[in-house]
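Report on one structure; see the data block that follows.
The values are calculated or read from the model by the stated rules, or taken from the named source; none is laboratory data. What you are looking at is a predicted structure, and each value in this text was computed from that prediction instead of being measured. Positions of Cβ are backbone-derived with ideal geometry, glycine not excepted, and every protein chain shown enters the neighbour counts.
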Amino acid sequence: MSTKKSRAGAVRKRGLGRAVGSGGQGRQALEGRGPTPKAEDREYHPAHKAKKARERYEAAKQRHAASSGRTPERGGRGGAKKDEGELVTGRNAVLEALRTRIPATALYIAARIEMDDRVREILRLATNRGVPVLEVMRPEMDRMTDRDTVHQGVVLKVPPIEYAHPLDMVDEIIDRDQLPLVVALDGVTDPRNLGAIIRSVAAFGGQGVIIPQRRSAGLNSAAWKTSAGAAARIPVAMASNLTQTLKELKKQGMFVVGLDGDGDVALPGLELADRPLVLVVGSEGKGLSRLVTEHCDAVVSIPISSATESLNAGIAASVALYEVSRIRAATER
């Protein structure tokens, strides 16, 4: 009779049969914890950090709205409604604006500002005209203005700029029995260039500036600042269509002269300088547009060194205005 031998390596399993239950211990452990928190309420979750960032952003918007006198916009994408009016910054610009009695709604003075003759006159003029004077901390004034703006502790709030009509502006110049000298801008989008050109127009006997409605810098705080107060004396007109406006001005007897590096007429001794003149300045990058060039009576170039590719729009306008004023002064002698 053979004997049954166990297989090598075989392991006999024990304890097979009905498993013993937990007795409800797992269910008892979960009692009292409630539902799982939302992702944005768990401090370790990225959604929680995003929620906190949104809350900080909304709080910052509320502070900015309060400091600038604005109210948050309801509905849509949110944000703040655009405040009507412009801010004139810098002591010279503010002083000139008050001297010329430009309407103003508020004057902001930085706390503990260093007083000088300009600040004293600014305060005197504002007080005499009944302009509210508000003292604010410098961080608040920094938030009111652009990052690149140097306000010098003085900010004047003025109503929205009212641009003149180009033809009306020229009519007024002629009615004053003046020889018109107007600068028109074609694609100049830097407000600092606009401010510099306004300043040059005032310095060299010009009477006005024309800007197109589209693709052009407007008379904002940066332009006011760069003009050093000249924007308070030189009218700025807005043309809905610059090409059409130039055609209408030519019908009124104005000569249109464009500035371009490839011009076929040299600026020195410009023959048209003693005529009623519209000097058109193009953008620094593209120069004059094709349509504007076609309506110019002459395209003038400024002789410069071959080492320099082009001139800044503001500098080119200044050089041309100086030459025109020089020729006119020589003609009057």
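Okay, here's what the table says:
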| read-out | value |
| --- | --- |
| Subset tally (residues that are part of a loop (DSSP other than H, G, I, E, B), touching a residue at least 40 places away in the same chain (Cβ under 8 Å) and among the charged types (D, E, K, R)) for segment 104-146 | 1 |
| Verdict on L185 being modelled with pLDDT of 90 or more, assigned to a helix (DSSP H, G or I) and among the hydrophobic types (A, V, I, L, M, F, W, C) | no |
| Selection status of G130, at positive phi and surrounded by 15 or more Cβ atoms within 10 Å (Cβ to Cβ) | no |
| Residue selected from segment 260-297 under the condition out of contact with any Gly (no Cβ under 9 Å at 6 or more places or on another chain) and part of a helix (DSSP H, G or I), by the criterion surrounded by the most Cβ atoms within 10 Å (Cβ to Cβ) | A273 |
| Odd one out for G205 among (1) in the same structural domain as G258 (by TED's automatic domain parsing); (2) of a type in the set (G, A, S); (3) out of contact with any Phe, Trp or Tyr (no Cβ under 7 Å at 6 or more places or on another chain); (4) in a helix (DSSP H, G or I) | (4) |
| Test: residue in segment 147-158 that is touching a helix residue (DSSP H, G or I) at 6+ places or on another chain (Cβ under 8 Å), in a helix (DSSP H, G or I) and not assigned by TED's automatic domain parsing to the domain that holds N220 | no |
